[in-house]
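Quick note: the coordinates plus some simple rules give every number you see, no bench work behind them. Keep in mind that what you see is a predicted model, and the values were worked out from it rather than measured. Reconstructed Cβ throughout: ideal geometry from the backbone, glycine too, with neighbour counts over all protein chains shown.
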């Protein structure tokens with residue numbers, strides 16, 4: 001293994017615990033908007049999650065806009081789980097839920113346990129760059145709240161670049177601002193599509209952060225596959241680090 005000169009890191013569910021904050025937000029919203037009048041929580045979340053995942057995949061391929069994603073992910077479960085009609089009243093409710101969700105996910109934000117230690121350890125040896133598809137208004141706020149902002153040299157967000165992961169253009173922009181070539185960095189992230197396949201398409205090594213023991217599906221590979229932060233730092237230390 002050759003030492004890397006910089007590290008690219010995803011943010012949501014790699015450093016920031018977005019899954020937890022989203023669950024807290026959805027639970028609170030379900031009660032506030034009294035959606036239990038129409039369906040149970042698990043059914044609502046199932047419809048929301050399936051459609052939200054699809055929309056983010058489409059957003060990554062530039063097939064839907066940010067505004068459509070933010071609203072339609074709530075219109076869909078309101079119609080299919082709650083049985084509401086698609087009309088102006090439902091759209092108003094979906095818009096309110098969108099605003100609530102963004103506000104609440106920021107309110108409930110936390111980092112994954114030990115993520116701060118991992119970031120600080122890596123920052124002692126490498127320039128760190130965040131490469132994220134997250135919305136601008138949320139990502140910078142969460143970065144400030146995390147207390148980790150001083151440890152990152154660059155932040156590369158899809159909205160500012162005009163290309164979402166897995167589009168290699170966002171990785172090429174991260175390489176450009178670091179003044180490095182693809183073989184000099186590694187991308188660490190939890191999403192196989194965005195972080196592994198996207199980095200691979202840009203010629204960058206990938207470290208897939210899998211916080212699960214579920215079996216890999218056929219064809220899923222990465223330069224490194226890890227389940228915890230200790231494995232990340234151990235692998236990079238084995239490359240003899242690179243002193244800044």
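Would you mind ranking 95, 73 so that the residue whose beta carbon has the fewest other beta carbons within 10 Å leads the list?
95, 73
Run the helix sum for the chain: -39,500 (n - 2.57) per DSSP H stretch of 4+ residues, divided by residue count, reported at 222 nm to the nearest 500 deg cm²/dmol. Display every interim value, and only then the final one.
Values: 10 runs with 119 residues, N = 244.
Only helices count here, giving -15000 deg cm²/dmol.
Please work out, to two decimal places, the log10 of the ratio I(q)/I(0) at q = 0.18 Å⁻¹ from a Debye calculation in which every Cα of the stretch 19-107 carries one identical scatterer.
Taking Cα atoms of the stretch 19-107 as identical point scatterers yields -0.75.
Hey, what did the chain get for relative contact order, percent, Cα under 8 Å, at least 6 apart?
26 percent
Quick one: helix 66-80 against the long Cα principal axis of the chain, what's the angle to the nearest 10°, folded into 0 to 90?
Value to nearest ten degrees: 50.
Measuring from centroid to centroid over Cα atoms, what is the spacing of the stretch 128-165 and the stretch 178-244 in Å?
The stretch 128-165 and the stretch 178-244 have Cα centres separated by 18 Å.
What angle do you read, to the nearest 10 degrees and between 0 and 90, between the alpha-carbon axis of helix 41-60 and the longest principal axis of the chain?
Between the helix axis and the principal axis of the chain, the angle is about 50 degrees.
So between residue 212 and residue 154, what do we pick up on full extension, going 0.36 nm a residue minus the alpha carbon distance?
Residue separation times 0.36 nm, minus the Cα-Cα distance, leaves 18.0 nm.
Please state the relative contact order of the stretch 19-107 as a whole percent: Cα pairs under 8 Å, 6+ residues apart?
40 percent
For 194, 181, 88, what's the fewest-to-most ordering of other Cβ within 10 Å of each Cβ?
88, 181, 194
Among 158, 21, 132, which comes first, second and so on when ranked by fewest other beta-carbon atoms within 10 Å?
21, 158, 132
Radius of gyration and Dmax for the stretch 3-64's Cα atoms, expressed in Å?
Cα-based Rg and Dmax for the stretch 3-64 come out at 16.1, 57 Å.
Provide the packing ranking of 109-122, 159-172, 29-42, 211-224, i.e. peptides ordered by the mean count of other C-beta atoms within 10 Å per residue, highest first.
Peptide ranking by packing, descending: 159-172, 109-122, 29-42, 211-224.
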